[in-house]
Amino acid sequence: MTDVNSATATEGKLSGGARTKALVAAGIQKRYRAERRFRMYGLVAIVSALAFMLLLFVNIVGKGYTAFVQTEVLLPIHYDAAVLDPSGTQDPKELHRANYGKIYRDSILGLFPDVQTRFEKRKVTGLVSSGSGFEIRDAVLENPALIGTQAEVWVPASDDVDMLIKGHIDRNVPEDERRLSDQEIAWIDALDAQGRIATKFNWRLMTAGDSREPELAGIAGAVIGSFLTLLVTLLLSFPLGVATAVYLEEFAPKNRWTDIIEVNINNLAAIPSIVFGLLGLAVFLQFFELPRSAPLVGGLVLTLMTLPTIIIAARVSLQSVPPSIREAALGLGASKMQMVTQDVLPLALPGILTGTIIGMGRALGETAPLLMIGMVAFIVDVPGGFTDPATVLPVQIYIWADSAERAFVERTSAAIMVLLTFLILMNAAAVYLRGKFERRW
Amino acid sequence: MRDTLHSNMETHTVDVKEAVMTAKIQAMKTNVHYADKHALKDVTLDIREGEVTSFIGPSGCGKSTFLRCLNRMNDTIDICRVSGTVLMDGEDIYDPKIDVVQLRAQVGMVFQKPNPFPKSIYDNVAYGPRIHGLAANKDELDEIVLTSLERAGLLKEVKDRMDAPGTGLSGGQQQRLCIARAIAVSPEVILMDEPCSALDPIATAKIEELIDELRENFTIVIVTHSMQQAARVSQRTAFFHLGELIEVGDTEQIFTNPEHKLTQGYITGRFG
């Protein structure tokens, strides 16, 4: 304003177009500077956002990529018939109960004949995972002909050995400050020198359920749990959300009641998710007595949480359908239902789908409400149905992040990588679907 | 019904006999309120069968509002309230017994801005016949679509690309597609709300020509801002001002010898 005044004073004699030209010339540099500044702010914001994202990814991938391989030890296993099948009947029940721990313990002790004391023997057998017995058992149950034979078998190393091989345990720190003693490291090096130690792709991470032993723990249970939970959520929240949005937007009379409902839906979207968890605990578990820790209940709770997101997204995309299309349909004598199903919904669908996928993405990453309904339990088995006890990926991350073993650090990061991959895939699907449906016209 | 109608007519209109002979739509004391705004005041008007009636008047005079009363499109506006009587073929279209879907199948509408569906040209024209179940089979539907496009003067231009999106046509073609879409339902009346206001002069000329041809089979009501257009295409003209019907008569008479000063002022461009 002062600029204009001073300009008027100095350029007072000029009139009309000349005066406008002079005033514009005086201010033009300032305008361009403001624009340049604004662009700079934007650039800085984007660069810093990208930098933080990169930092996050580098950190997670850097910590987690080693979890995709697992150190294994090659043991000369003797499937001793005297231990496994003393009665000689090959009865599966007998075979199931046999002492497989003795098999692998004898095997590794056989590699170190000098070891005599009980204490040292325990240390030596501790170099391989206690899960090795189960793996030998599964192999025998699958093929009882193995009994009585000998074979070289790869079994998982214990998590401490794994950490040493992957370089997460530093040999240079004093002995009393590290998890492995000098003696144990010497044994490991001896095994390594014989070519009995190797790192292999960690199939257990992908196919196993949770375990207290990091080298045996996998995310399969959590992935299946997440899938079942999200399936329930999608099947309930999509039809309910779209129906609600269509009714409110196209059919409901605009009065005080619909206003109240609208305000409440918007409020629902802002409610902290843990409150939904408490609601689920009180209603689904206490009142309806549904099973604890089940994907069914998890899905119900996440439906409550996702519904408002879908309703709001669906209403916005319904509103953005041009009124001219509605008029065209009504003008031709379409009933309201025909107008909605044939014209309005198809046009609103890309937006509804995007909103739904974003809502599902949020549900996939949700932890707090599921803690309340018991999905935080330690569950070893991979769930087989909607009422089996299960956990979900983010809760699995939470459980592992809370575990003391060094080897769970990389597994936590690996689980995060898997979760992020799913989220990125879902968002990419949202972008793809939107593009696909909009390109049609 | 005819009798009560007759007595009503005598009280409200001047040319009773002629109206009863040929009136397709008769509006009597029609009022429209948008919330507190009295948008249309006591309009009493006949639309004659087989003629083009044009509504003229300055912006906000209520001509579009009145047009939308004739197929109850005002129903879709929540705050809009219509009172009075609108008879079509002697039946009150605001009677609760009347189904609005039925009514709109008889009274088609073409809007100010061309609004084809984001579907193919074929599906646009087939939309009405499909929702009303007018065609028994695919061949009949094809027949209806082709005839409608032909009558709308669009067939030559689009017959090779019936599957192309209707939204990809030019503005004038889109509007003719909308007209084809409206006549595919075989309505009795076609309402046109400033159908040429978004079109260039050449497209406008084509639409005007089309309106003239359609007059043979349909009763047409057109709202327009162009007085030349009203003079060119219509047989009867009604002049609206501030929600009131000021004058209605033969187009020639309205433009050469208007009875009302306001009409004279408007058509000579002194206000509006």
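What follows draws every value from the coordinates through simple rules; no lab data is involved. Nothing here was measured: the structure is a model prediction, and the numbers come from that model. Glycine also receives a Cβ, built like all others from the backbone with ideal geometry; neighbour counts cover every protein chain displayed.
What the table below lists for this structure:
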item: For A:Ser129, A:Ser403, A:Ser48, order by how many other beta-carbon atoms lie within 10 Å, fewest first; result: A:Ser48, A:Ser403, A:Ser129
item: Relative contact order (%) - criterion: Cα under 8 Å, at least six apart; region: chain A; result: 18 percent
item: All-pairs Cα distance distribution in the range A:125-182, expressed in whole percent, bin size 5 Å; result: 4, 17, 20, 18, 13, 9, 9, 7, 4, 1
item: Signed unit charges on C-beta, dipole axis of the range A:143-211, positive-most listed residue A:Gly148, A:Ala190, A:Ile165; result: A:Gly148
item: Amide H within-cut-off set for A:Val128, under 5 Å, with H built and near neighbours excluded; result: A:Ser158
item: Residues with amide H under 5 Å from that of B:Phe240, placed H, sequence gap 5 or more; result: B:Ile56, B:Gly57, B:Ile246
item: Entries of A:Lys436/B:Lys159; A:Lys166/A:Lys200; A:Lys254/B:Lys113; A:Lys102/A:Lys123; B:Lys138/B:Lys159 with Cα pairs more than 21 Å apart; result: A:Lys436/B:Lys159; A:Lys254/B:Lys113
item: Computed magnitude of the charge dipole of the range B:69-218 (debye, nearest 20; Cβ of K, R +1, Cβ of D, E -1); result: 420 debye
item: Rel. contact order, % - alpha carbon contacts under 8 angstrom, at least six apart, the range B:89-195; result: 48 percent
item: Dipole-positive endmost among A:Leu353, A:Leu423, A:Met372 within the range A:315-441 (Cβ charges, Cα centre); result: A:Leu353
item: Point-charge dipole on Cβ atoms (K/R +1, D/E -1) for the protein assembly as shown, about Cα centre, debye to 20; result: 2140 debye
item: Built amide H within the under 5 Å cut-off of B:Leu40, gap 5+; result: B:Val32
item: For the range B:162-218, fraction of C-alpha pairs farther apart than 19 Å, in %; result: 28 percent
item: Listed residue (A:Thr71, A:Pro113, A:Gly27) projecting farthest to the positive dipole end of chain A, Cβ model; result: A:Gly27
item: Per-residue Cβ neighbour rank within 10 angstrom, fewest leading, B:Cys80, B:Cys178; result: B:Cys80, B:Cys178
item: Length-normalised contact order of chain B in % [C-alpha pairs under 8 Å, at least 6 apart]; result: 25 percent
item: Residue-averaged 222 nm ellipticity for the protein assembly as shown, from DSSP H runs of 4+ at -39500 (n - 2.57), nearest 500; result: -17000 deg cm²/dmol
item: Check: the range A:386-441 dipole with +1 on Lys, Arg Cβ and -1 on Asp, Glu Cβ, in debye; result: 500 debye
item: P(r) of chain B over all Cα-Cα pairs, binned every 10 Å from zero, in whole percent; result: 7, 29, 35, 22, 7, 0
item: Least to most buried among A:Trp203, A:Trp154, A:Trp187 (fewest other Cβ within 10 Å first); result: A:Trp203, A:Trp154, A:Trp187
